[in-house]
Amino acid sequence: MSTLTILIVCVFCIGYLCIALEGLTRVNKAAIALLMCVLCWTLLMMGPAAYYPAVAEGDVIHHIAEVIEHHLGDAAGTLFFLMGAMTIVEIVDSNGGFNFVRDTIKTRSKRKLMWRVAFMTFFLSAILDNLTTSIVMIMVLRKLVQSRGDRLIYAALVVISANSGGAFSPIGDVTTIMLWIKGVITTQGVITEIFVPSLVSMLVPAFILQYQLSGKFDKSLNLPKAEVSQFTKAQRDIIFWLGVGGLCFVPVFKTITHLPPFMGILLVLGVLWTVTEIFHYNTAEDDTMAKRVSDLLSRIDLSTIMFFLGILMAVAVLQEVGVLTMLGKSLDATFEGNHFLVTGIIGVLSSIVDNVPLVAGCMGMYPVAAAGDLAVDGIFWQLLAYCAGVGGSMLIIGSAAGVVVMGLEKISFGWYMKKITWIAFTGYLAGMFIYWVERALFF
């Protein structure tokens, strides 16, 4: 390994450490990711000929520009998909589309509420995403559960269920979106083979956690109906089904047209935006949907988008200098090609560090094969989708869902690690075992 390559790896590791210690440094992780990205590419430009010996000396700079544009194009597909999906969810939520969630899970029994929360979170996460679903469910739980002790149990279950639900859907988690857009997993493959393991990884923790809850709530729950602009219930229902149904339609759109997934998201966003503007046709000029959507677009968490951009482009440098390929070969040699062990370790690591760069790194480490475990919908890629998603539940900081719930409910790292980590780990292992059984008997 050359000195320049070592410098690039050191910059990446230091940046990664600063991202992991964001709570201590109080520097936004997006800023660190962008700096890390630019520094890594700058170092690569200091000795480009060493990495592209087959390219003529006078063409190296032009070649690197093309390489950057190629990686940027791959990253942009993921980022536009996320931005479109986030906007759709904001439109549905701001217009009362999720009010039905409150009525669906309403009950006086604590255990019944727990199971309803678990299943609602699990399936909503597969349709929306684990981050958005967690926010919606926590807001609903605040209306339903007054006891902080009980609500912490429900909140922990929301984190587990959201991550498990996102793992079996191509649009349920950032990492599965990345793998799906890359083409290493398909919609049919990930749903048919990962659904049952993901369900088990939610059911086992829910079964254990139910014994920490008993009895009924003190009084009947009367959920207030939110006053949402001037929309009728029928209009809110139309917005909900257009938004959620549209998100479900995106994989179908990709299969039919073979266009990138972000094109499907833009189609759904355009239709939803147009329909909502029609609903506002007779409202006052200062209440037009154009203004409302513009306002929603300004609420999109651009710092998160910038973080993903920086991480994906920084990982691309490691791929270009051959570090990821070398690391992949080392893992294969160490574990003798046992992809259950490799992905299992990656899943545990994803609870400590962000799973986005881990999955991005794995996509660079392992080339897609024509057949075998590394083929499209092979064992490695499907396990990576499962482990990176579900593994994040083991620590409260291990996933976007966990981080947002931690902030909303002020859950301490120590409480979660003491009370929940072993439960989430049990579900994680149970799901991997079910996947092994599936592969041995059915696929």
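The values are calculated or read from the model by the stated rules, or taken from the named source; none is laboratory data. Every value quoted in this text rests on a predicted model; they were computed, and no experiment measured them. Cβ placement follows ideal geometry from the backbone for every residue including glycine, while neighbour counts extend to all protein chains displayed. Only protein heavy atoms, including side chains, enter the accessible area calculation; ligands, DNA and RNA are left aside. Shrake-Rupley method; radii C 1.70, N 1.55, O 1.52, S 1.80 Å.
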Discussion item. Using a probe radius of 1.4 Å on heavy atoms only, what accessible surface per residue do you get for the chain? Whole Å² is fine.
Written reply: 44
Worksheet entry | Approximate spin-label separation residue 214-residue 108, in nm, with each point projected 7 Å along Cα-to-Cβ | 1.9
Practice prompt. For helix 302-320, report the angle its Cα long axis makes with the longest principal axis of the Cα atoms of the chain; keep it between 0 and 90° and round to the nearest 10°.
Written response: 30
Worksheet entry | Cβ-Cβ FRET estimate between residue 54 and residue 334, R0 fixed at 35 Å, reported to 0.05 | 0.70
Worksheet item: Hey, what angle do you get for helix 60-94 against the long axis of the chain, alpha-carbon based, 0 to 90 degrees rounded to 10?
Response: 0
Worksheet item: Per the 1.4 Å probe, what fraction of the accessible area of the chain, in percent, lies on carbon and sulfur atoms?
Response: 66
Worksheet entry | Degrees separating the helix 421-441 axis from the principal Cα axis of the chain, which is the longest one | 70
Worksheet item: Which value in nm describes the separation of the simple spin-label points at residue 441 and residue 10, placed 7 Å from the Cα toward the beta carbon?
Response: 5.4
Practice prompt. For the chain, report the convex hull volume of the alpha-carbon atoms normalised per residue, in Å³, without decimals.
Written response: 161
Worksheet item: With each run of n ≥ 4 DSSP H residues scored as -39500 (n - 2.57), what mean residue ellipticity at 222 nm is computed for the chain after dividing by its residue count and rounding to the nearest 500 deg cm²/dmol?
Response: -24000 deg cm²/dmol
Worksheet entry | Net length gained if the chain between residue 299 and residue 192 were fully extended (0.36 nm per residue, minus Cα distance) | 35.0 nm
Worksheet entry | Cross-link pairs beyond the 22 Å C-alpha cut-off, checked among 106/418; 106/419; 29/254; 143/216 | 106/418; 106/419; 29/254
Worksheet, complete the sentence: For residue 415 and residue 277, extending 7 Å from Cα along the Cα-Cβ vector and measuring point to point gives, in nm, a value of 4.6
